[in-house]
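Structure record follows, encoded as structure tokens.
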Amino acid sequence: MSRRAHPRAPWFLAVPGLVALAFLVLPLIALLLQAPWPDFLGIVSSPAAMAALRLSLITSITATALVAILGIPLAWLLARQVLPATGLLRALVLVPLLLPPVVGGVALLAALGRRGLIGQVLYQWFGIQFPFTTLGVVLAEAFVAMPFLVITMEGGFRSLDRRYEEVAATLGARSWTTLRRITLPMVAPSLVAGLVLCWARALGEFGATITFAGNFPGVTQTMPLAVYAGLETDRSVAIALSILLLAVSVTVLISLRGRYLAGRSA
């Protein structure tokens, strides 16, 4: 069998497309070229680097799980337009995407800080505080990452042929059974894409985290914060940690995407 020939792109699409590709790839190449390779293993295997990486993975996975538990129902409500003023609510869901991350951290402090709208009640009555704790890191990451999952899942729910759900209902299936065995499997591509985007955003979160949770090694210092701290003292350390974070992100994303595409093409 002959290989399918690649279509030829017109110049007015090829030129800006290649410029965009170079704009995205060249900084990564520069990062690799300036890496302190002789000392790389020593830097990335240091206790501080391993602690930051471990905390980043734990908090980003926890934040993604929290977003899935809360965001999937919200996406369904928006897609089915069950709530009043759905358009306004959808716009509010997009707000964390538009806010500068630092502003998101300030907003979290205003709501969940020890003197915040809800945080002061939790602290005075139950002794619970979120700022400058590991749980605060999870909340900050979930706040900035949830819109990615909600928007993606809402599109999946809206494109779903609802006749399958209606048939299941006529056959006596309960709402939970229909959601678990029909709805979610049919929107699985949107679910996978939303979870991956959510996790990647949580893993790379910086502004809201440092504002709401601080930068305390072993407690709230995730890998992006460790890169920032390294940049202030030793640029080579910041570059090495950046490459480590990049390698972890790319490895996970490529492995998930490979499995997903393999399932789709089967």
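Here, each number is a calculation from the coordinates, and none is a lab measurement. All values derive from a computational prediction rather than experimental measurement. When we count neighbours, we look across all protein chains shown, and the Cβ atoms used for this are built from the backbone with ideal geometry, even at glycine.
Spin-label point model (7 Å from Cα, Cβ direction): what's the Met50 to Leu97 distance in nm?
Rounded to a tenth, the inter-label distance reads 4.0 nm.
Taking the Cβ-Cβ separation of Gln34 and Phe12 as r and a Förster radius of 35 Å, what is the calculated FRET efficiency to the nearest 0.05? Let's see the in-between values first.
Values: r = 34 Å, r/R0 = 0.99.
The computed FRET efficiency comes out at 0.50.
Mind listing P(r) for the range 127-215? All alpha-carbon pairs, 10 Å bins, whole percents.
Taking every Cα pair in the range 127-215, the percentages come to 17, 32, 23, 19, 9, 1.
For Gln124 and Glu232, what does the FRET efficiency come to when R0 = 35 Å and r is the distance between their Cβ atoms, rounded to the nearest 0.05?
Efficiency computed from Cβ-Cβ geometry: 0.45.
Under a Cβ-Cβ cut-off of 14 Å, what is the net charge of the residues other than Ala63 that fall near it, where Lys and Arg count +1 and Asp and Glu count -1? Mind showing how you got there, number by number?
Numbers: positive: Arg201; negative: Glu141, Glu205.
Charge balance near Ala63 sits at -1.
So for the pair Leu70, Val82, with labels modelled 7 Å out along Cα→Cβ, what separation do we get in nm?
Taking the two extended label points, one gets 1.8 nm.
Could you derive backbone 3J(HN,Hα) for the range 88-93 from the dihedral phi with the Karplus parameters 6.51, -1.76 and 1.60 (θ = phi - 60°), listing whole Hz in sequence and x where the residue is Gly or Pro?
Karplus values, whole Hz, x for Gly and Pro: 5, 5, 5, 5, 5, 5.
Could you compute Rg(Cα) / (2.2 N^0.38 Å) for the range 45-265, with N its residue count?
Rg over 2.2 N^0.38 Å, computed on Cα atoms: 1.14.
Which of the chymotrypsin sites (Phe, Trp or Tyr not before Pro) across the range 181-255 are loop residues per DSSP, with 10 or fewer other Cβ within 10 Å? Let's see the in-between values first.
Details: sites: Trp199, Phe206, Phe212, Tyr228; in loops: Phe206.
Nothing satisfies the criteria.
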